[in-house]
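The values are calculated or read from the model by the stated rules, or taken from the named source; none is laboratory data. Here the structure is a predicted model, which means the values were calculated and not measured. Reconstructed Cβ throughout: ideal geometry from the backbone, glycine too, with neighbour counts over all protein chains shown.
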Amino acid sequence: MTLDSKIPSGPIEDRWDNHRFAMKLVNPANKRKFDVIMVGSGLAGASAAASMAELGYNVQCFCYQDTARRAHSIAAQGGINAAKNYQNDGDSIYRLFYDTVKGGDFRSREANVYRLAQVSLEIIDQAVAQGVPFAREYSGLLDNRSFGGAQVSRTFYARGQTGQQLLLGAYQALARQVKKGKVQMYPRHEMLDVVLVDGEAKGIITRDLNTGKIERWAADAVVLGTGGYSRVFYLSTNAMGCNVTAAWRAHKRGAYFANPCYTQIHPTAIPQAGEHQSKLTLMSESLRNDGRIWVPKSQGDDRPAIQIPEDERDYYLERRYPAFGNLVPRDIASRAAKQMVDKGHGVGPTKVGVYLDFADAIGRLGKKVIEERYGNLFEMYEKITGEDPYEVPMRIYPAPHYTMGGLWVDYELQSTVPGLFVIGEANFSDHGANRLGASALMQGLADGYFVLPYTIGNYLAPRMGQKVDTDHPAFAEVEQEVNDRVGKLLSIQGERTVDSIHRELGTLMWEKCGMARTAEGLKEALEEIPRLREEFWTNVRVLGDGEEINESLEKAGRLADFLELAELMCRDALDREESCGGHFREEHQTEEGEALRRDDEFTYVAAWEHKGVGREPVLHKEDLEFEYVKPSQRSYK
Ligand SMILES: Cc1cc2nc3c(=O)[nH]c(=O)nc-3n(C[C@H](O)[C@H](O)[C@H](O)COP(=O)(O)OP(=O)(O)OC[C@H]3O[C@@H](n4cnc5c(N)ncnc54)[C@H](O)[C@@H]3O)c2cc1C
């Protein structure tokens with residue numbers, strides 16, 4: 001299959017407008033004749049479900065939490081970008097577009113990114129109209145702060161709870177449609193497969209997580225907004241339920257997986273404290289507005305931070321990147337922290353950490369201002385570590401956080417399976433090889449409020465009256481496969497817990513496919529993963545049965561998919577013989593240890609086609625063209 005990305009031609013600023021005009025419309029009276037399945041009710045899913053229902057479509061919305069409000073989006077702390085230029089500091093749509101293409105290390109589609117920057121303005125208006133309580137200045141205008149990879153302040157925020165507040169806004173819009181009967185909400189339902197009829201997505205199979213019931217659902221189109229897959233590393237900043245199941249099952253049914261190796265390691269998480277930890281906690285990037293990152297100049301310095309004099313500290317980001325300082329993009333900040341720790345400058349009990357210090361900011365602005373800006377984050381830090389960050393510097397270290405890879409989608413957010421659309425973190429779309437901070441919320445809401453509701457009509461319009469229902473044999477077939485799989489998981493009754501195998505996979509992925517990768521390490525991982533998968537399918541012990549709440553079964557199903565995805569990630573990382581953004585191949589670096597791209601050979605999106613578990617997937621390449629932001633060696637000096 002040739003990949004048709006449907007990127008419109010013409011001047012970049014007109015492309016989205018022209019494309020919207022060229023797309024087919026479903027007239028208002030006909031919209032109510034179409035049913036759409038929305039899997040996911042995070043920021044992407046909730047905004048899409050609400051907007052499609054507002055337009056008139058009938059939406060069935062699924063999530064595995066007990067309410068849409070608990071989607072992982074609620075965890076987002078720092079903010080959301082938009083090119084409003086409220087600070088009058090030189091921002092513009094073009095600058096946000098430029099920063100995002102450059103920040104993604106020239107591995108994203110220009111047309112998508114430009115549209116994202118355009119739509120960012122509308123997102124803020126939409127959220128404000130919904131009553132999202134963004135921080136305001138004394139004058140009443142919305143306030144902004146800075147995030148990495150930008151020299152302007154364009155990040156809108158609601159203290160350290162931006163995701164929660166935006167999700168409440170989207171949830172209200174969703175709840176309104178639930179009340180009107182336009183959205184049927186199905187919480188605690190996990191999608192375990194997608195059903196294709198004549199090659200097009202026409203439904204899903206779910207498992208009711210309370211009763212174990214396996215059910216069929218049919219619709220005219222299916223949308224996935226099921227989030228990212230950082231939990232493949234076991235330890236990550238993601239909620240423990242985050243998984244790749246929906247996307248992976250769709251991949252196995254024909255949806256190509258794009259750039260699976262592009263994962264974001266966030267520079268500022270609380271360092272791991274012990275062996276049995278199951279999650280890492282993020283300290284928002286917004287803290288780098290006022291916090292200064294440093295390590296002791298001498299290796300192995302054991303003195304408490306407070307006793308290390310100023311001239312014996314290395315503020316290494318400010319030293320190496322004077323123009324951006326502590327606000328360099330995440331991939332750069334993470335790698336620099338790793339380099340410091342590898343060279344023996346790490347701090348804290350495990351020596352795997354660096355300092356994030358607020359002493360200067362508190363001295364300059366006063367404790368009250370810092371408390372107003374970051375109070376809840378400081379409190380969270382103190383609760384977890386027992387240390388008061390107003391008195392001593394925070395200790396931080398990079399952690400898996402976000403996945404830029406995901407299901408391949410065209411400009412209309414449609415995957416390679418017709419009728420299957422993918423939005424939010426689950427698709428690969430706009431961030432290239434490195435996402436800038438505060439741009440995930442922007443993309444999820446752009447997709448959900450302002451892109452998908454238009455593009456899905458282009459698919460549906462010519463399909464009036466072509467309904468299938470769940471009696472179609474394709475549903476029975478897929479349902480049987482789902483049942484068999486659940487039965488198989490329950491029947492193994494081996495000796496290892498799901499978590500112990502997941503932890504082993506996570507350690508392997510972190511060591512071989514984490515912040516730094518080598519051909520040798522990736523080849524080792526590619527030998528190890530099938531062995532671990534075999535261990536899982538012969539020796540895992542899933543407790544309980546299938547007809548009740550069974551977390552062990554839920555986790556096992558998700559881990560089974562991670563064990564397949566991990567192999568594809570390593571294969572993709574091995575295949576991409578260059579460094580770009582978050583994908584750092586040690587063999588390809590500049591003399592100063594920065595990522596060295598090989599544009600002549602790798603300026604493409606790698607879209608993988610599944611050919612069976614344990615069999616070589618097929619690589620399809622979507623060439624990327626840069627007409628506006630010419631690729632150069634990224635510099636933040
Ligand atoms: C700690 C933290 C802080 C962050 N802070 C920021 C920030 O400040 N700014 C920013 O821009 N980004 C931030 N991010 C990233 C951002 O929060 C996420 O990328 C974004 O919220 C993802 O939204 P989503 O709607 O795509 O997915 P999610 O919010 O993860 O929602 C996924 C939905 O899919 C459902 N689902 C998944 N699988 C299935 C299945 N098989 N069956 C049924 N339902 C399923 C879930 O129930 C859920 O409803 C942060 C991330 C983390 C981890």
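Things to note:
- Restricting 397, 411 to residues that are of a type in the set (Ser, Thr, Tyr), more than 22 Å from residue 42 (Cα to Cα) and out of contact with any Leu (no Cβ under 8 Å at 6 or more places or on another chain) narrows the list to 397.
- The numbered conditions (1) more than 20 Å from residue 250 (Cα to Cα); (2) within 12 Å of the ligand (Cβ to nearest atom) are all true for residue 384 except (2).
- Residues (under 21 Å from residue 604 (Cβ atoms) and without any contact (Cβ under 8 Å) to a residue 12 or more places away in the chain) located in segment 3-18: 9
- Of all the criteria given as (1) within 13 Å of the ligand (Cβ to nearest atom); (2) closer than 20 Å to residue 7 by Cβ; (3) among the aromatic types (Phe, Trp, Tyr), the one not satisfied by residue 408 is (1).
- Pair list, Cβ under 6 Å, 6 or more apart: segment 159-182 residue aliphatic (A, V, I, L, M), other residue buried (at least 18 other Cβ atoms within 10 Å of the Cβ) and not in a helix (DSSP H, G or I): 166/132; 178/185
- Residue match in segment 409-418 (condition: part of a strand (DSSP E or B), under 19 Å from residue 606 (Cα atoms) and not hydroxyl-bearing (Ser, Thr, Tyr)): yes
- The strands (runs of 3 or more DSSP E) located wholly in segment 193-276 that include 3 or more residues which are crowded, with 24+ Cβ neighbours inside 10 Å occupy 200-208, 221-224, 263-269.
- Criterion: touching a residue at least 24 places away in the same chain (Cβ under 8 Å), surrounded by fewer than 20 Cβ atoms within 10 Å (Cβ to Cβ) and either of a type outside the set (A, V, I, L, M, F, W, C) or more than 15 Å from residue 269 (Cβ to Cβ) (or both) - qualifying residue of 392, 417, 422: 392
- When each of 465, 437, 432 is tested for being more than 26 Å from residue 582 (Cβ to Cβ) and either more than 14 Å from the ligand (Cβ to nearest atom) or at pLDDT below 95 (or both), the lone residue that passes is 465.
- Residue satisfying all of: in segment 33-85; near the ligand (Cβ under 6 Å from one of its atoms), polar (S, T, N, Q) and assigned to a loop (DSSP other than H, G, I, E, B); farthest from residue 183 (Cα to Cα) among these: 77
- Residue in segment 481-489 that is surrounded by 18 or more Cβ atoms within 10 Å (Cβ to Cβ) and modelled with pLDDT under 95 present: no
- If you check 319, 364, 303, 335 for being crowded, with 21+ Cβ neighbours inside 10 Å, basic (Lys, Arg) and either at pLDDT 95 or above or assigned to a helix (DSSP H, G or I) (or both), only one passes: 335.
- Meets criteria (of a type outside the set (A, V, I, L, M), in contact with an Asp or Glu (Cβ under 9 Å, 6 or more places away or on another chain), away from the ligand (no atom under 12 Å from the Cβ) and part of a loop (DSSP other than H, G, I, E, B)) for residue 390: yes
- Tallying residues that are more than 17 Å from residue 221 (Cβ to Cβ) and either among the hydrophobic types (A, V, I, L, M, F, W, C) or surrounded by 24 or more Cβ atoms within 10 Å (Cβ to Cβ) (or both) within segment 48-66 yields 2.
Conditions (1) surrounded by fewer than 20 Cβ atoms within 10 Å (Cβ to Cβ); (2) in a loop (DSSP other than H, G, I, E, B); (3) among the basic types (Lys, Arg); (4) at pLDDT below 95, marked per residue:
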residue	(1), (2), (3), (4)
534	yes, no, no, no
538	yes, no, no, no
542	no, yes, no, no
548	yes, yes, no, yes
560	no, no, no, no
566	no, no, no, no
572	no, no, no, no
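- Qualifying residue in segment 471-492 (condition: on the phi > 0 side of the Ramachandran plot and either within 16 Å of the ligand (Cβ to nearest atom) or of a type outside the set (Lys, Arg) (or both)): no
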